1. With a 1.4 Å probe and every protein chain kept in, tell me what percent of the accessible surface of chain A is carbon plus sulfur.
2. Just the accessible area for A:Ser10, please: 1.4 Å probe, Å², rounded to the nearest 10?
3. Carbon and sulfur together cover what percent of the accessible area of chain B at a 1.4 Å probe radius?
4. Give me the accessible area of A:Thr62, 1.4 Å probe, in Å² rounded to the nearest 10.
5. So if R0 is 51 Å, what FRET efficiency would B:Ala276 and A:Thr153 give, r being the distance between their Cβ atoms, rounded to the nearest 0.05?
6. Using a 1.4 angstrom probe on the protein heavy atoms only, could you order A:Val200, A:Val233 from most to least accessible area?
7. Using alpha-carbon positions, what is the distance between the centroids of segment A:169-189 and segment B:102-152, in Å?
8. State, to one decimal in nm, how far the label point of B:Asp74 lies from the label point of A:Glu141, with both points 7 Å from Cα in the Cβ direction.
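The values are calculated or read from the model by the stated rules, or taken from the named source; none is laboratory data. All values reported here derive from a predicted model rather than from experimental measurement. Ideal geometry is used to build each Cβ from the backbone, glycine not excepted, and the neighbour counts take in all protein chains shown. Accessible surface areas use protein heavy atoms only, side chains included; no ligands, DNA or RNA. Shrake-Rupley method; radii C 1.70, N 1.55, O 1.52, S 1.80 Å.
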Amino acid sequence: MSTDLRPLLSVKDISKRYGSHIGCAGVSFDLYPGEVMGIVGESGSGKSTLLNCLVGHLTPDTGEVVFDTRVDGPKDTTTMSESERRMLGRTDWAFVHQHARDGLRMGVSAGGNVGERLMAVGERHYGDIRDKATDWLERVEIDAARVDDRPTTFSGGMQQRLQIARNLVTGPRLVFMDEPTGGLDVSVQARLLDLLRGLVRDMGLSAIIVTHDLAVVRLLADRLMVMKSGRVVEAGLTDQVLDDPQHAYSQLLVSSVLQV
Amino acid sequence: MTDQAYNFAYLDEQTKRMIRRAILKGLAIPGYQVPFASREMPMPYGWGTGGVQVSAAVLTPEDTFKVIDQGADDTTNAVSIRSFFERTAGVRTTTATCEASVIQTRHRIPEEPLTENQILVYQVPIPEPLRFLEPRESETRKMHSLEEYGLMHVKLYEDIARHGHIATSYAYPVKVEGRYVMDPSPIPKFDNPKLGDMHAVQLFGAGREQRIYALPPYTQVVSLDFEDHPFEASKADHSCGLCGATDSYLDEVITDDQGGRMFVCSDTDYCEGRRAAGFVGDMSADNPAAAMMAAQPTLEIQT
């Protein structure tokens, strides 16, 4: 970790209710540059609600999400204007959807998909955009010859890797991932995780990974939060939590993993 | 009901007032699509219902009206809209560009430069330039309001990736005064440079989509492009077969089933004006060489 001890993302007391039902409640944590945080829990435990509150897809009822912006320093993203937040979403932030189809433009070629973020931040040189797109396809292990093919002709694993390339091309500092390996078979999952681990380490990315798959967080995450019924029941270093879970629910979760 | 029973220019005064408000708002925010309560018109959607409503709202009894369809004054659409306003407004009509004070057009800008005393009304089928890239209207509105136009360049990128050059040849997107990206209606990109700094008022009406937008005179209009693939106003690389013009937009006309074809000005008024002034193209009947060639096959049959 760098000597800069200012957190990249500082989350304070985030709550979101759906009527009388609790989405998530009283979640606070700090994420430092280069750190990868895993959020695990069963379906309906509030992990996706929390993630959507963090990126601004949902407006939290209480709390603040302070992001250390490049220009203005720490800034609360829940109160900033929508144009500023969307600008963050195209530059410093990246969002990897569970289903690649949600994060890709299926009618646009692979190169166009990767280039979109570049063009959105003002890149206007076709040759440069194409070179960067080709370079990124290779970095996510997609044959550069397929730069003009549409994602519909790609396999599920390739689509997911294309989505990652599309998100990382502008050099974001914080990546949000919502079940990045969901719906992929195990060998493709392994390859994707390997790739993600390499990219996160090479680029010094910070990431927040929401998943129900404990193997994914074991491999990628430095720290772990376990959620249950909208609340964080346990948090700590990944290996610590997985090897010696304290809370009854964490114990249940760890013991539920199927062994081969 | 007789034609005289209609209000001047078919629409009632309240409706015209509503449309004029939309037009004024459009002129105040160049390139912004103003929603308006489009009325049902006595013609099918796609035949210029938006343009007709805008024309009805701006016409006065003293106006002289011209209608062009793909540059021509004599095609079905142009003839029927012209006679519609002859009957319901009783305005004078003309085919001469310089004599008209209001010109309704489909898919062309006249070759002859327009003046400050003229209004050009466009018929627009789909006013939203982002429509085929982002199907959600709520999202495209947000993109306009937040000036997020990266997606427009994705379309041009796709063109170059697939065809090696920007293959979009009509409805070529433009940026107005450095702010709104606008669909100039399906005019050929040859006409795009005429949009900017025009002396006349330009009004765009989309009936089915219920949008009006406008360009006041002398507005800056820039066609989108890439640094290494700059915008190019292209046309067929020929001269007009009838008047010999090399600077006008040309239609390709198939003349027989032996591969015979000719290129003629799409702006019929411009072409007629040139021919009246004595210009002759290489396929015109007035051209002695062309007349001889046309006569030859007949001779062969006789022998």
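1. Reported share for carbon and sulfur atoms: 49 percent.
2. 10 Å²
3. The value for chain B is 52 percent carbon and sulfur by accessible area.
4. Roll a 1.4 Å probe over it and A:Thr62 shows about 60 Å².
5. With a Förster radius of 51 Å, E is 0.35.
6. Largest accessible area first, the list is A:Val233, A:Val200.
7. 39 Å
8. That separation, rounded to one decimal, is 6.8 nm.
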